[in-house]
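Okay, structure first, notes after.
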Ligand code: DTR
Ligand code: CA
Ligand code: ZN
Ligand code: ZN
């Protein structure tokens, strides 16, 4: 019976710490005195300040485009294509590889713009995006020139910095969001499954400069939410969870195919409460954006502080997630502590802690189990995800009198955030025969 400290915790902590300190940890299950670290994990770099004036210059361009094209930048109208051409021109000049993806909806051609920054691990894609279309009633400067400009200026800051990210940075500007997330859904639908699996996270920015702003953070993924909460915490700005309902912007297209999502929002037509005005300033009883979907959504419909803070938060998220440690596929998280399984008694658990990942666990999560027992048919074995969701690995079986359960199971855990405390739960449900969990591990 092996008696050893659970290497998983130490290993995961070392991996996480190494990611910050810039030295790689040996694999969790590496043999003692394993060779030099296989790859240096990069330390996350600090993001530059995003100049508010630059972001507002993009908004001024969007306003001019709308004025020159019938007063809007809506799907199917010339102002939208002119907006695409403006953003594309800036990115091409900054060294990005850009692609325009066409689609048709409501009888008109729509366009998505995708931009990739050279370098980074193509198997670990970090994506950020914003819808570029407005409604037909106006220029759509807050909704969503603000998000489009914040993402654009962050991409330009990456170029100015000559950033060498650990992840592949990909940016998207979506068409026809106002018609029902059409452009982003077209993108993910046409992204092969193998390519989707490479996207470690998608960050969405739709309305980030509302004139009576709130500071809302999407809570769809714990790791991505934390990046933004930590940023605003550092500013001393309280945040709230974005609660205007899932599915209200392009992140839903990505979440619907199992990609981890996060993002920021400063509010639309809902009224700011007194409590919110107390913590954020502004006017209680008034909408976060009184010009939501209206002709008055112009460059005067922006709160500079909110736009500045959120643009800087976008940069923080790209630098933090894009230059931080890339935990390579095939990393193992193991617990070798022995846990006695009570004979015909209560279930016991053994925990491995996963850290440093972004996104969800894979659809083929490998669960290696090593349980010593004198009648394995007595045993019921489950994998518990960090949120408690149980995945049955093995049922009991009265006739299976063989010794030990030494097996590897594959679990579709793609709906579970990767980071957190995963547990192996084992119960002996029959009399006689005893055993213990010798070790178990997750590999992905
Ligand atoms: N659907 C977005 C505005 C919107 C409304 N609720 C949310 C929540 C999260 C992001 C965006 C929104 C639009 O009109 O473009
Ligand atoms: Ca700034
Ligand atoms: Zn809108
Ligand atoms: Zn919007």
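Only one entry of 250, 220 meets the criterion of being in contact with a helix residue (DSSP H, G or I) (Cβ under 7 Å, 6 or more places away or on another chain), away from ligand 2 (no atom under 16 Å from the Cβ) and under 17 Å from residue 415 (Cα atoms), and that entry is 220.
Each residue in the stretch 159-187 was checked for being under 17 Å from residue 122 (Cα atoms) and more than 16 Å from ligand 1 (Cβ to nearest atom), and 9 of them qualify.
Could you list, in sequence order, all residues of the stretch 202-212 that are more than 16 Å from ligand 3 (Cβ to nearest atom) and either more than 21 Å from residue 121 (Cα to Cα) or modelled with pLDDT under 95 (or both)?
Listed by number, the list holds a single entry, 212.
Yes or no: the stretch 304-323 includes at least one residue that is touching a helix residue (DSSP H, G or I) at 6+ places or on another chain (Cβ under 9 Å) and in a loop (DSSP other than H, G, I, E, B). No, the stretch 304-323 has no match at all. Residues that are at pLDDT below 95 and either more than 18 Å from residue 260 (Cα to Cα) or touching a helix residue (DSSP H, G or I) at 6+ places or on another chain (Cβ under 8 Å) (or both) within the stretch 179-198 comprise just one, 196. The residues of the stretch 86-108 that are loosely packed, with under 14 Cβ neighbours inside 10 Å and at negative phi, listed by number, are 89, 92, 93, 97, 99, 102, 104.
Exactly one residue out of 128, 176 is more than 21 Å from the chain's Cα centre (by Cα), under 22 Å from residue 59 (Cβ atoms) and modelled with pLDDT of 95 or more, and it is 176.
Within the set 407, 413, the sole residue that is within 35 Å of the chain's Cα centre (by Cα), touching a residue at least 24 places away in the same chain (Cβ under 8 Å), closer than 30 Å to residue 196 by Cα and part of a strand (DSSP E or B) turns out to be 407. For residues that are outside any strand (DSSP E or B) and surrounded by fewer than 18 Cβ atoms within 10 Å (Cβ to Cβ), tally how many sit in the stretch 378-400. Within the stretch 378-400, residues that are outside any strand (DSSP E or B) and surrounded by fewer than 18 Cβ atoms within 10 Å (Cβ to Cβ) number 9.
Checking every residue in the stretch 223-230 against the condition of being within 21 Å of residue 320 (Cα to Cα) and part of a loop (DSSP other than H, G, I, E, B) gives zero matches. With 283, 305, 299 as the choices, which residue is farther than 20 Å from residue 184 by Cα, within 16 Å of ligand 2 (Cβ to nearest atom), surrounded by fewer than 24 Cβ atoms within 10 Å (Cβ to Cβ) and modelled with pLDDT of 95 or more? Among 283, 305, 299, only 305 is farther than 20 Å from residue 184 by Cα, within 16 Å of ligand 2 (Cβ to nearest atom), surrounded by fewer than 24 Cβ atoms within 10 Å (Cβ to Cβ) and modelled with pLDDT of 95 or more. Criterion applied to 268, 260 was being at pLDDT below 95, surrounded by 18 or more Cβ atoms within 10 Å (Cβ to Cβ) and on the phi < 0 side of the Ramachandran plot, and the one residue passing it is 260.
One residue is enough: does the stretch 241-256 have a residue meeting the conditions modelled with pLDDT of 95 or more, within 15 Å of ligand 4 (Cβ to nearest atom), in a loop (DSSP other than H, G, I, E, B) and buried (at least 20 other Cβ atoms within 10 Å of the Cβ)? Scanning the stretch 241-256, I find at least one residue that is modelled with pLDDT of 95 or more, within 15 Å of ligand 4 (Cβ to nearest atom), in a loop (DSSP other than H, G, I, E, B) and buried (at least 20 other Cβ atoms within 10 Å of the Cβ), so the answer is yes. The helices (runs of 4 or more DSSP H) found entirely in the stretch 99-205 that carry 3 or more residues being under 24 Å from residue 53 (Cβ atoms) and touching a residue at least 40 places away in the same chain (Cβ under 8 Å) are 147-161.
Do we find a residue being assigned to a loop (DSSP other than H, G, I, E, B) and away from ligand 2 (no atom under 16 Å from the Cβ) anywhere in the stretch 49-69? The answer is yes; a qualifying residue exists. Selection of the stretch 382-436 for residues being touching a helix residue (DSSP H, G or I) at 6+ places or on another chain (Cβ under 7 Å) and under 25 Å from residue 255 (Cβ atoms) yields 417, 419.
The values are calculated or read from the model by the stated rules, or taken from the named source; none is laboratory data. For clarity, every value in this text was computed on a predicted model and none was experimentally measured. No Cβ is skipped: glycine too gets one built from the backbone with ideal geometry, and neighbour counts run over all protein chains shown.
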